[in-house]
Amino acid sequence: MLFFSASMNLITPTLFFCGLFLQEAAASQRARCSGDLCLFQRSAGFNAAERACQESGGQLVQSGAVGQMTALKRLTIDVSGTFWLHGGPNCTAVSGGRGRNVTVLSEPCRSTLDGFLCLYDPSSVCSAVQSAGGNFVTYSTSGGFVVLDSETFPPGTLALVVPRNAHYPDSKYLCLSHWLQAPWTCEVLEGGCDHECNKTANTCMCPPAHSLHHNNISCAEPTVVPSEIQGCPRGYKLAADGRSCEDVNECADDPCIEEGEHCVNLDGGYDCRCADDFIEEDGRCVNISICSLCEHMKCDKISGVYQCVCNEGFRVSPRDPTMCERDCQRECPAICNPNPDLEKKDMQQCFCPDNYILDIREGTATCYDIDECEAQAMCDHQCENLFGGFRCTCRKGYTLQGKEKCVRLQGASEEEEGEEEEASGSPPPILAPASTPISLQPAAVPSYVKTGSVLGITVFLGLCVVLLVCVVRTAARRCGRLTLNSLKPRDIDIFYLQQITTETYKRLSFDKPFKNEPQRV
């Protein structure tokens, strides 16, 4: 075991540092890291892969580590192949690649696969080196791998910071749970020195006629180069005739390695310039090719990347980043083709965004959002209306299959679903991974049509009430003109009763002759 200074606070096995000496070799293999997980691309058997992981301070990823699946997908998104995992008594591997899902499978231990996946202690990995703008940083591991497209780096990684168009690096760092700048202790990689390390002072030394560069690790070449000794200045070489000098084509070695750069050879030198569709900003070439394709001819730099921008009232289309579409919420004006031959707008051609319906009233064309959730049953469980679409979600214990169907998850019990439904009566929507807005044809009953229907029904009922009142009043007038005479039958006598006394009765009785009394002549 080797012990470092207290500032390093790290004890590392000797085997680990032996592996570090491979650092200076040409790295032909590639590696990519995400968090504490790294993918190494080098053909190897299971035993060799396991040994390489251990020598770099890690171990093969356990095949049952479900939490690592997201990182595995990210690491293999554009890398095809099969890579070793640690699967216990049996040898396990993971297969993935461009456009494919990550699959765990068993492989014979004697097989040779495309690489392996190592897991490290999260406290031992390092984040990217912070360097000044214009510097280029390369990362290489103890096993001779070049680490690309990564935000974290395994222990033992060397980081070399090289300024633009510079012959010597600006600095060198070693990852040991944090970045340690060279020169460090001479026992590890000669202190990071290019030539020799002074073990007494832990500083770098140079051979005769060379001087220590201001980076404290490189040895500067003599001020007079061989071509100048032969009479040719820097950037030129002795021609075949042995008497004249000719220009050196530095671009043949591809010295311009930044994105968007191309090399231009000059007399006695070269220049790294930005390629077509790139512009120089802060010493770097930035891609602006999309700006020439923008529909509204507007382009802004957003989060360091140039993107198309649309005019007011429009937004960038999610289907094509160069096209613009109406930014319509619940309603918005329609786009109409002007036609001087047609005076009325309802005779013109007007258009609405997808999932909006056109309504023309009093010469005004308006687009209304369609409430797909209310117009028809779109989802198995919950339906959320969105401006220009809708989204289906499922209750707890279910997952979204396709765009609308909810399927019960394996192992989910009915009791769990029942408990959630009893708790609120209407459980909050649980968004499934595939629950995205869906395009739909316009529905038959938009919201504004329902409002017009209610108004029409109200007017109709009012007219019915007025008509009923008129009928009742007419009937009442006719009934008022009826008399008793019209109801009296012809053969019925009418008798009137009056109160009489005894005297009156006697008088009337004597005055009235009896019917059986004979008439006097």
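The values are calculated or read from the model by the stated rules, or taken from the named source; none is laboratory data. Because the structure is a prediction, the values reported are computed rather than measured. Backbone-built Cβ (ideal geometry, glycine too); neighbour counts: all protein chains shown.
The table for this structure:
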quantity: Residue count for the stretch 361-403, restricted to those that are of a type in the set (A, V, I, L, M) and surrounded by fewer than 17 Cβ atoms within 10 Å (Cβ to Cβ); calculated: 2
quantity: Residue satisfying all of: in the stretch 177-204; touching a helix residue (DSSP H, G or I) at 6+ places or on another chain (Cβ under 8 Å) and among the aliphatic types (A, V, I, L, M); nearest to G143 (Cα to Cα) among these; calculated: L189
quantity: Matching residues in the stretch 276-288 - criterion: being over 26 Å from the mean Cα position of the chain (by Cα), at negative phi and surrounded by fewer than 17 Cβ atoms within 10 Å (Cβ to Cβ); calculated: D276, I279, E280, E281
quantity: Residues of the stretch 169-210 classified as within 19 Å of G57 (Cβ to Cβ) and of a type outside the set (F, W, Y), total; calculated: 11
quantity: Failed item, numbered, when R110 is tested on (1) over 30 Å from E259 (Cα atoms); (2) among the charged types (D, E, K, R); (3) not assigned by TED's automatic domain parsing to the domain that holds G97; calculated: (3)
quantity: Residue that is modelled with the highest pLDDT, among those in the stretch 310-327 that are assigned to a loop (DSSP other than H, G, I, E, B) and under 17 Å from N355 (Cα atoms); calculated: S317
quantity: Extreme residue, surrounded by the most Cβ atoms within 10 Å (Cβ to Cβ), among residues of the stretch 233-275 that are in a loop (DSSP other than H, G, I, E, B) and β-branched (V, I, T); calculated: V248
quantity: Of all residues making up the stretch 258-283, the number that are touching a Cys at 6+ places or on another chain (Cβ under 9 Å) and not aromatic (F, W, Y); calculated: 16
quantity: Residues being of a type in the set (G, A, S), under 30 Å from P233 (Cβ atoms) and at pLDDT 85 or above - total across the stretch 275-304; calculated: 1
quantity: Looking only at the stretch 156-175, and only at residues there that are over 32 Å from the mean Cα position of the chain (by Cα) and under 23 Å from A71 (Cβ atoms), the one that is surrounded by the most Cβ atoms within 10 Å (Cβ to Cβ); calculated: G156
quantity: Residues being out of contact with any helix residue (DSSP H, G or I) (no Cβ under 9 Å at 6 or more places or on another chain) and either basic (K, R) or at pLDDT 90 or above (or both) - total across the stretch 257-274; calculated: 5
quantity: Tally, over the stretch 289-309, of residues that are buried (at least 17 other Cβ atoms within 10 Å of the Cβ), part of a strand (DSSP E or B) and touching a residue at least 12 places away in the same chain (Cβ under 8 Å); calculated: 2
quantity: Residue under evaluation D78, criteria (1) among the acidic types (D, E); (2) without any contact (Cβ under 8 Å) to a residue 40 or more places away in the chain; (3) at positive phi, criterion not met; calculated: (3)
quantity: Tally, over the stretch 176-211, of residues that are in a strand (DSSP E or B) and either more than 50 Å from the chain's Cα centre (by Cα) or touching a residue at least 12 places away in the same chain (Cβ under 8 Å) (or both); calculated: 9
quantity: Count of residues meeting criterion [out of contact with any Asp or Glu (no Cβ under 9 Å at 6 or more places or on another chain) and over 21 Å from A71 (Cβ atoms)] in the stretch 108-139; calculated: 9
quantity: Yes/no for P353 being modelled with pLDDT under 75 and not basic (K, R); calculated: no
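Every residue, every condition in (1) of a type in the set (A, V, I, L, M, F, W, C); (2) over 22 Å from V146 (Cβ atoms); (3) at pLDDT below 65, yes or no:
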site: L10; (1), (2), (3): yes, yes, yes
site: Q23; (1), (2), (3): no, no, yes
site: Q41; (1), (2), (3): no, no, no
site: A65; (1), (2), (3): yes, yes, yes
site: R74; (1), (2), (3): no, no, no
site: V79; (1), (2), (3): yes, no, no
site: F83; (1), (2), (3): yes, no, no
site: N90; (1), (2), (3): no, yes, no
site: S95; (1), (2), (3): no, yes, no
